[in-house]
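Student: Here's a structure for you.
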Amino acid sequence: MSEVSIYWLQQVLNALQLSSIYALIALGYSMVYGILTMINFAHGDVFMVGAFLCFLAATLLDLPFVPTLLLTMTGAALLGVLIERLAYKPLRNAPRVSAIITALGVGLFLENLTLAFYPYPQNVPTLIENINWDLGGVSLSSLQLIIISLSLTLMLVLDYVVQRTPVGMAMRAISWDKTYVPLMGVPVDLIISITFAIGAALAGAAGTMYALAYPVIDPYMGIMVGWKAFIAAVVGGIGNMRGAMIGAFILGGVEIMVVAVLPSTYRDLVVFSLLLALIVIRPHGILGQPRVQKV
Amino acid sequence: MNNRLSLFLKLPVLAAMIALAGCDPNAHNADTIKVGAIVELTGDMPAVGASSRNAAQLAVAEINGAGGIEIGGKTYKVELLIEDNAAKPDQSAAAANKLITQDEVVAIVGPNASLGAIPAAEIAEANQTLLVTPWSTNPKTTLNTTTGTPKKYVFRACFTDPFEGRVLARFIIDKLEAKTAAVLYDVASEAPKSQAELFRQTFEQLGGKVVAFEAYTTGDRDFSAQLTKIRSAKPDVLFLPSYYNDVGLISQQARRQGFDKTLIGSDAWSSPELVKLAKGAVEGAYFANHYAADSATPAAREFIAAYRQKYGKTPDDVAALTYDAMGLLFAALKAAPAPERQAVRDAMAGISGYPGVTGEIRFTPGSGDPVKSAVIMQVKGDQFSWVMNAAP
């Protein structure tokens, strides 16, 4: 392979790794918005708690990778359901602003709770043995392979659940109409809880993989990553799950490619300008449908 | 009812009055000298703050154990007031303000990282209070930003970035016989940014070539795009003037991408935490440092033994420099006619040579920057071993 193509293939791999983590988090934003038309701003902090759960499972319980991942996803799912039941459910009929402010409050609570236990950045142990494969000059690490393939698997499973199962059908039905769907015998509260559980479990999986790829974690790590995942969800069309995945791959791709072509100092400026331009052209995101306000 | 209510209202007021009486600034013991310390206890580099605090407390315990400081025929004990700046610029300025106006300290030691030392130094200069930073290498710390002349009240115990850049550039070209280098640095942090720029300048003056000059921003965790770019530029060495927590992430990601060239670091690497965070990815790397615990002078050995006994670990360079900054301050206090801010500052400026743990500290007249040598260290296992000395 020529040097130029090796360089670009390597950057594509970098972009895939970063984007798959963004995508898992973006899905949670989009699912909750789809069903409740509410932006769950605590979602980035659920991702952070996921990273800390991974750290705890790996250090205190000394677990290997697969049990750590399962435990983290379960813990995050429980946290998601708990947040919905305690903080959001009482406000379901309140003005939407109240719910958003509550979400911000839950996020701050999670950050400061973690800060109380771990005021210093923590070092996550290596759970996946590092192997580097040299594919004709392009370097692929075992961690990269696991992150990319696991994220794609989780996304395919989710897509199947939402498009092909009764639970998924109920989710889509509730997001379409909340007045008549309960009359058809769909248990709204249960379906909303399941939505939160799935979204949080994906954030937990993302937290685990992030903690393994970038093994220094701190209580504020969820803020920036959460924002970026939220932007990815908006770019893809918030409420649309395939859109969230596409948005995440666009965001991660642009982030990496801007550095690959331009001086790295301009990264965030260029990335966010491009995304802003995209939103101007397509206000509802790439796959989003304009919602008609019913009076 | 009314009475009970008014009692409830009065109680906190009464409690506050009692509390205030207890810490009335005029009521403190007249035989103590208050010294402030601003350290990075929380935030991105807690290991730096902990080392600095430990060394400052050790220095104060030693001087008080020896009876205190005699100034103008009267003996004073030293009282140390420690403030955390969370490794942030705004909190550093706030801590300096509090120590100067509220606690009325005679002088301040710290902050250590340049991003905090620069704003704190501005506050100290404006309030005409002596500030000695142990570890801040950025030239701006001791320079007046508007006139470009040296600040009057700010001194440091360490060498500066231009010197460090020269030492590293010369080491890479002469000893490692490398011709090309890449740089990856934090564009939003003062010391790493100035070290990166000054390194590029001197490395190219000495005949080397910087083939990649890449940046990231504080808080970034993914450096893969920059590292791929650096790898494809094929440098002989990679210079990473970042703090130890970032180096841990960058070095591991570089190795995962198959980058196997020598890594070069700055004095911001020297925390023992580095080896733990990098998990072997910095093995064999070289970095510039302020002192080497294994090639120390008798005075330094005494300090290292005392520090080990008290805290159970070998002092890193921040600890050694903080100890020297405290030592410089005590020397200035001893030479001053009275324990007052202006007198202490004047005595500090008059110090011609101080035998510190990190070597001889001499101030060039009219400047707060000392002339002193650096050492080059290499990471071997979980130890840093001494490679060579570099004279100014």
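The values are calculated or read from the model by the stated rules, or taken from the named source; none is laboratory data. Every value quoted in this text rests on a predicted model; they were computed, and no experiment measured them. Note that we place each Cβ from the backbone using ideal geometry, even for glycine, and neighbour counts take in every protein chain shown. We work out accessible area using only protein heavy atoms, side chains counted, and drop any ligands, DNA or RNA first. Shrake-Rupley method; radii C 1.70, N 1.55, O 1.52, S 1.80 Å.
Student: For region B:78-95, state whether one or more residues are of a type in the set (Lys, Arg), out of contact with any Pro (no Cβ under 6 Å at 6 or more places or on another chain) and either closer than 20 Å to residue B:345 by Cα or at pLDDT 95 or above (or both). First the steps, then the outcome.
Tutor: Just the residues of region B:78-95 that are of a type in the set (Lys, Arg), to begin with: B:88.
Checking which are out of contact with any Pro (no Cβ under 6 Å at 6 or more places or on another chain) leaves us with B:88.
From the residues that got through so far, the ones that are either closer than 20 Å to residue B:345 by Cα or at pLDDT 95 or above (or both) too are none.
No, the conditions are met nowhere in region B:78-95.
Student: Just one of (1) closer than 26 Å to residue A:126 by Cβ; (2) at pLDDT 90 or above; (3) more than 12 Å from the chain's Cα centre (by Cα) trips up residue A:192, so point out which.
Tutor: For residue A:192, the exception is condition (1).
Student: I would also like to ask the following. State yes or no: is residue A:156 in a helix (DSSP H, G or I) and surrounded by 12 or more Cβ atoms within 10 Å (Cβ to Cβ)? Show your work before the answer.
Tutor: Details: in a helix (DSSP H, G or I): yes; surrounded by 12 or more Cβ atoms within 10 Å (Cβ to Cβ): no.
Answer is no for this residue.
So that you can scan it fast, the table gives a plain yes or no per residue for (1) small (Gly, Ala, Ser); (2) within 14 Å of chain B (Cβ to nearest Cβ); (3) touching a residue at least 12 places away in the same chain (Cβ under 8 Å):
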position	(1), (2), (3)
A:11	no, yes, yes
A:40	no, no, yes
A:54	no, no, yes
A:85	no, no, yes
A:95	no, no, no
A:98	yes, no, no
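Student: Would you be able to say whether some residue in region A:273-287 is under 25 Å from residue A:166 (Cα atoms), more than 14 Å from chain B (Cβ to nearest Cβ) and more than 16 Å from the chain's Cα centre (by Cα)?
Tutor: First, the residues of region A:273-287 that are under 25 Å from residue A:166 (Cα atoms): A:287.
If we keep only those that are more than 14 Å from chain B (Cβ to nearest Cβ) as well, we get A:287.
Right, trim to more than 16 Å from the chain's Cα centre (by Cα) and you get A:287.
Yes; the residues of region A:273-287 include at least one that is under 25 Å from residue A:166 (Cα atoms), more than 14 Å from chain B (Cβ to nearest Cβ) and more than 16 Å from the chain's Cα centre (by Cα).
Student: Let me ask another. Restricting attention to region A:190-225, and to residues there that are within 14 Å of chain B (Cβ to nearest Cβ) and hydroxyl-bearing (Ser, Thr, Tyr), which single residue is farthest from residue A:17 (Cα to Cα)?
Tutor: Among those that are within 14 Å of chain B (Cβ to nearest Cβ) and hydroxyl-bearing (Ser, Thr, Tyr), it is A:220.
Student: Examine region B:197-211 for a residue that is open to solvent by 10 Å² or more (accessible area, probe 1.4 Å), over 30 Å from residue B:34 (Cα atoms), in contact with a Pro (Cβ under 7 Å, 6 or more places away or on another chain) and without any contact (Cβ under 8 Å) to a residue 40 or more places away in the chain, and state whether such a residue exists.
Tutor: The answer is yes; a qualifying residue exists.
Student: Test residue A:198 against the stated conditions and say whether it is over 10 Å from the mean Cα position of the chain (by Cα) and at pLDDT below 95.
Tutor: Values: over 10 Å from the mean Cα position of the chain (by Cα): yes; at pLDDT below 95: no.
Answer is no for this residue.
Student: Can I ask one more? Scan region B:229-278 residue by residue and report those that are touching a residue at least 40 places away in the same chain (Cβ under 8 Å), acidic (Asp, Glu) and either open to solvent by 30 Å² or more (accessible area, probe 1.4 Å) or over 24 Å from residue A:255 (Cβ atoms) (or both).
Tutor: B:236, B:267, B:273
Student: Would you mind listing the helices (runs of 4 or more DSSP H) fully within region A:178-295 where at least 2 residues are within 17 Å of residue A:148 (Cα to Cα) and in contact with a Cys (Cβ under 8 Å, 6 or more places away or on another chain)? Don't jump to the end; show me each part of the working.
Tutor: Numbers: elements: A:188-213, A:221-236, A:241-261, A:267-281.
Once the helices (runs of 4 or more DSSP H) in region A:178-295 are filtered for at least 2 residues that are within 17 Å of residue A:148 (Cα to Cα) and in contact with a Cys (Cβ under 8 Å, 6 or more places away or on another chain), what remains is A:188-213.
Student: Could you list, in sequence order, the residues of region B:173-215 that are of a type in the set (Phe, Trp, Tyr) and either within 19 Å of residue B:285 (Cβ to Cβ) or away from every other protein chain (no Cβ under 13 Å) (or both)? Please lay out each step first, then the result.
Tutor: Filtering region B:173-215 down to residues of a type in the set (Phe, Trp, Tyr) leaves B:185, B:199, B:203, B:213.
Within region B:173-215, B:185, B:199, B:203 meet the criteria.
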